[in-house]
1. Say we look at segment 9-48 and pick out the residues that are farther than 19 Å from Ala72 by Cβ and touching a residue at least 40 places away in the same chain (Cβ under 8 Å); which of these is surrounded by the fewest Cβ atoms within 10 Å (Cβ to Cβ)?
2. Those residues that are assigned to a helix (DSSP H, G or I) and more than 16 Å from the chain's Cα centre (by Cα), I need them from segment 1-27; list them, please.
3. I'd like the full set of residues that are of a type in the set (Val, Ile, Thr) and in contact with a Lys or Arg (Cβ under 8 Å, 6 or more places away or on another chain), limited to segment 89-124.
4. In a helix (DSSP H, G or I) and over 17 Å from the mean Cα position of the chain (by Cα): which single residue out of Leu54, Leu93, Leu67, Leu45 fits that description?
5. Would you pick out the residues in segment 70-105 that are loosely packed, with under 12 Cβ neighbours inside 10 Å and within 24 Å of Leu38 (Cα to Cα)?
6. Between residues in segment 125-137 that are under 15 Å from Arg3 (Cα atoms) and residues that are among the acidic types (Asp, Glu) and at pLDDT 95 or above, which pairs lie under 8 Å by C-beta distance while being six or more apart or on different chains?
7. So which residues in segment 114-131 are over 15 Å from Arg95 (Cα atoms) and of a type outside the set (Val, Ile, Thr)?
8. Quickly run through segment 96-119 and pick out the residues that are within 25 Å of Leu24 (Cα to Cα), touching a Leu at 6+ places or on another chain (Cβ under 7 Å) and outside any loop (DSSP other than H, G, I, E, B).
Amino acid sequence: MSRSLFVDSGAWIALTNPRDQHHLDADRLFRAAAESRLRLLTTNLVVAEVHRFLLHRSGLVIAARALDHIEAAENLSVEFATAEHHRVAREWLVRFADQPITYTDAVSFAVMKARRCRTALTFDRHFEIAGFERWRG
C-alpha cells in the first residue's frame, strides 16, 4: 500500500500562482510526491478554500482551472467532511484554542487522524503544532 500525503490549501494555491512566494517549493514538492508515487489526500473544504481564494484574488478562469486540475489528479483522493470529522475538528479547536487554527485545518487534522496520514504538503505551521509532519520532499 502506498503512503499518503495530505495536501493543504496553501500548497494548491502556491502551485497555481507563479508569483506566490512558495510556488517553486510547491512545484518541487508536487513533482517529488509524483515521483515517490505518494497518494495525495485532501478534503472538499480545502478545495472550497482554494477556489474561494483564487476566485477573489485571480478571477473566475483561474479558480475554475484550479478546480479542473485538482479533479483531474489521478493520484488524489478528496475526502468529504462528515459529522464525525466535524465532531473531531471541534475537539482540535478546543485543544488548540490559543492558536488561530481555522475550521478547515481542524477538519483536515480530523481526516488525517482518521486516515492515519501523518504528513502534509503545507506551508502552514499549524500542522506541526497539531503534531503532524510537514513534508519536505
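The values are calculated or read from the model by the stated rules, or taken from the named source; none is laboratory data. Computed from a predicted structure; not experimentally measured. Glycine also receives a Cβ, built like all others from the backbone with ideal geometry; neighbour counts cover every protein chain displayed.
1. First pass over segment 9-48, keeping only residues farther than 19 Å from Ala72 by Cβ: 10, 18-25, 28, 32, 36, 45.
Going one step further and asking which of them are touching a residue at least 40 places away in the same chain (Cβ under 8 Å), we end up with 10, 22, 25, 28, 32, 45.
Working: Gly10: 20, His22: 16, Asp25: 17, Arg28: 12, Ala32: 15, Leu45: 23.
Residue satisfying both the conditions and the ranking: Arg28.
2. Leu24
3. Thr119, Thr122
4. Leu93
5. As a first pass, look at segment 70-105 and keep what is loosely packed, with under 12 Cβ neighbours inside 10 Å: 71-72, 74, 80, 83-84, 87, 94, 97-98, 100.
Glu71, Ala72, Glu74, Phe80, listed by residue number.
6. Note: pairs meeting the criteria are Arg134/Glu128.
7. From segment 114-131, those over 15 Å from Arg95 (Cα atoms) are 114-125; that's our starting set.
Listed by number, the residues that qualify are Ala114, Arg115, Arg116, Cys117, Arg118, Ala120, Leu121, Phe123, Asp124, Arg125.
8. The answer is Thr104, Thr119.
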